[in-house]
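This report concerns only the one structure given below.
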Amino acid sequence: MTRHLSSLAFMQTFSAKLDVALGNLSLAQFPPNARRTMRKFSSSEVAALLNVTEAYIRQISLKDQGPSPEVANGRRLYTMEQILELRMHLAQNGRKKWMNPRRVEGEQCQILAITNFKGGSSKTSTTIHLGHYLALKGYRVLAVDLDPQASLTSLHGSLPDFDYRDGDTLYSAIRFENPVPTEQVIHQTHIAGFDVICAGLELTEFETAVALEMRKSGGTGFLLRVSQALEQVADRYDIILMDSAPSLNFLTLSSLTAATGVLIPVPAHMLDVDSTAKFLELAGSYMQILEQVGTSAQWDFAKFLITKFEPNDHPQANMTALMRQVFGDDLLLNSVIKSTAVADALTWKQSLYEVQRARFSAPKTYDRAIESINAANAEIEELLWKAWGRK
C-alpha cells in the first residue's frame with residue numbers, strides 16, 4: 001500500500017497553524033502592551049493571610065499605620081504589595097513569631113522538585129498553586145519551568161522581554177558552553193514575591209548536550225548543572241519550585257539532584273498509580289547507579305500528594321486506601337480535589353488565588369476547591385518549616 005501523507009509536511013503544517021492560532025488567541029487575551037496585575041484582597045482575606053482578626057486590620061487602617069488601602073463601597077481593598085508591607089509592619093512590632101516567614105541565617109533555601117512520570121498528574125497546577133500560596137504568605141518564591149511544553153510559563157501570559165526562541169530559558173544557564181548567569185533568565189511576574197524561569201523547546205537540547213559531554217569526558221558532572229545554576233540565585237529566595245517534564249530524562253535527574261525536597265502528585269487512578277510505580281522503579285535504578293559513582297541525592301523530605309480526587313468515587317476511595325497502606329506517612333494527609341473551579345481558572349491562565357470568588361457561577365465550588373488546595377499547601381509549608389528546624 002502506497003502512503004501519500006508526508007510526515008514532515010503534516011508536522012510542519014499543523015505546527016505552523018497552531019502557532020498562528022495560539023498566537024492570535026494570546027494576543028486577544030494579552031495585547032503586546034498589556035501587563036497582568038494581581039487582584040486586590042478584602043480586609044477579611046488579608047486578616048486570614050496574616051492570621052489576625054479583621055477588626056485588628058481595620059484598627060491599623062483607622063490609625064493610619066501601615067499601608068493605606070483603597071476604599072470602595074465601604075470595603076477596604078489591599079494590593080499584594082500592601083499585604084507584604086503590612087506583614088513586615090506587624091513583624092517589626094513583634095506581634096507574632098514568624099509573621100515574617102522568610103528564612104533567617106542558618107536556614108537553607110528549599111528547592112522542591114514537583115515530578116512524576118505521568119502526564120496529567122497535575123504537576124503544573126500543583127506548582128502554580130503552591131507557589132502563589134507561598135508568595136501570599138510572604139515568602140520569596142522562584143518557580144522554574146523544566147518542561148519544554150512550557151505550561152507553567154504560559155500561565156503567566158505576556159512577560160516583559162521573554163522570548164523562548166531567543167534562548168530565554170534555564171537551558172541558557174545550564175548549557176556546557178558559554179552559560180549565562182542565572183539571574184539573566186529570571187522574570188518578575190505580576191505577583192509580588194513570585195518570579196519565574198520560563199521554558200521552551202530548547203530545553204530538549206540539554207539531552208543531546210549531555211550525551212555529547214559524556215562521550216567526551218564521561219562522568220556524571222551533568223547532574224550538577226541545575227544545582228550550580230540555582231546556587232547562583234538561592235540567596236534571593238526562600239523556596240525554589242521546579243516543575244518537571246513528564247519524563248525521567250537527564251534534566252529531571254539533574255533537578256532531582258539539586259532538590260532538597262520532592263513532591264510527587266498522583267491521581268488516585270489505577271493507571272496513574274501504576275505509572276508512578278514504574279517511575280519510582282526507574283528512578284531508583286538511576287539513583288543506585290549514581291550512588292555507586294558517589295553522586296547521590298539527599299533530600300529533607302519526599303512526599304506523595306493525591307490530586308484530582310473525587311471523594312464520592314468508590315474506585316478512587318479504594319485506591320486512596322491502598323496508597324495510604326503502601327505509602328504510610330509519606331503520603332500527605334490532605335488531597336487536592338478535582339474541581340471545575342480549578343479547570344476554569346487554568347483556562348483563564350490563572351491560579352485559583354488570582355480569581356475573585358464572585359467570578360464563579362457556583363461560588364461553593366470555588367470554596368471547596370480553595371479549601372482543599374489551602375489544606376494541602378499548608379501541609380507542605382509545615383514540611384518546609386520542619387526542614388528549617390522551626391517549631
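The values are calculated or read from the model by the stated rules, or taken from the named source; none is laboratory data. A quick note: this is a predicted structure, and the numbers were derived from the prediction, not measured. In this analysis, Cβ positions are derived from the backbone assuming ideal geometry, glycine residues included, and neighbour counts consider all displayed protein chains. The protein model used for the area step is the full one, side chains on, heavy atoms only, and it has no ligands, DNA or RNA in it. Shrake-Rupley method; radii C 1.70, N 1.55, O 1.52, S 1.80 Å.
Considering only the other residues whose Cβ falls under 13 Å of the Cβ of SER244, what net charge follows from Lys and Arg at +1 and Asp and Glu at -1? Residues near SER244 contribute -1 overall. Ellipticity at 222 nm from helices only: DSSP H runs of n ≥ 4 in the chain, each -39500 (n - 2.57), divided by the residue count, give -14000 deg cm²/dmol. VAL262 sits among other residues whose Cβ lies under 11 Å from its own Cβ, and their net charge, with Lys and Arg +1 and Asp and Glu -1, is -1.
Is the stretch 259-386 best put as rounded, prolate or oblate by its Cα gyration tensor, with a ≥ b ≥ c the root eigenvalues, rounded for a/c under 1.5, and otherwise prolate when a/b is larger than b/c, oblate when not? Could the numbers behind the result be given before it?
Numbers: a/c = 2.30, a/b = 1.72, b/c = 1.34.
Prolate shape, in that a/c is at least 1.5 and a/b is the bigger ratio.
Solvent-accessible area per residue in the chain equals 51 Å², computed with a 1.4 angstrom probe and all protein chains kept. When GluC sites (Glu not before Pro) are flagged only if DSSP places them in a loop and at most 14 other Cβ atoms lie within 10 Å, the longest unflagged stretch of the chain comes out as 178-391.
Largest first and in whole Å, what are the equivalent-ellipsoid semi-axes of the stretch 112-153 based on the Cα gyration tensor, each being the root of 5 times an eigenvalue? Numbers along the way, then the final one.
Numbers: eigenvalues 79, 22, 14 Å².
Those come to 20, 11, 8 Å.
Which of the three applies to the stretch 52-133, rounded, prolate or oblate, going by the alpha-carbon gyration tensor with a ≥ b ≥ c and a/c under 1.5 meaning rounded? Oblate, because a/c is 1.5 or more while a/b does not exceed b/c. When the alpha carbon gyration tensor of the stretch 294-340 is reduced to an equivalent ellipsoid, the three semi-axes, largest first, read 27, 13, 8 Å.
In loop segments of the stretch 345-391 as defined by DSSP, the chymotrypsin sites (Phe, Trp or Tyr not before Pro) with at most 14 further C-beta atoms inside 10 Å of their C-beta are TRP348.
Restricting the calculation to Cα atoms, every distinct pair contributes to the Kirkwood radius of the stretch 160-236, found to be 13.4 Å. When a/c is below 1.5 the answer is rounded, else prolate if a/b is larger than b/c, else oblate, so apply that to the stretch 195-277 with a ≥ b ≥ c taken from the square roots of the Cα gyration tensor eigenvalues. Oblate, since a/c reaches 1.5 and b/c is not below a/b. Spatial offset of the stretch 258-301 relative to the stretch 40-81 amounts to 44 Å, using the alpha carbon center of each. Only one of (i) 24.3; (ii) 16.6; (iii) 23.3 was calculated from the structure for mean projected area of the Cα convex hull in nm², and its label is (i).
Pairs from the table (LYS40/LYS137; LYS118/LYS391; LYS40/LYS96) lying more than 26 angstrom apart at Cα are LYS118/LYS391. Ordered by solvent-accessible area of protein heavy atoms (1.4 Å probe), largest first, the residues ARG225, ARG390 come out as ARG225, ARG390. Compactness of the stretch 202-331 was expressed as the Cα radius of gyration divided by 2.2 N^0.38 Å, which yields 1.22. If you wrap the stretch 201-248 in the convex hull of its Cα atoms and look at it from every side, the mean projected area works out to 4.4 nm². Could you grab the relative contact order for the chain? Cα pairs under 8 Å, six or more apart, rounded to a whole percent. It rounds to 17 percent for the chain.
When only alpha carbons are used to place a centre, the stretch 305-349 and the stretch 201-227 end up 35 Å from one another.
When ARG368, ARG324 are compared by accessible area at a 1.4 angstrom probe, the order from most to least is ARG368, ARG324.
Solvent-accessible surface (1.4 Å probe) assigned to LYS137 amounts to roughly 50 Å².
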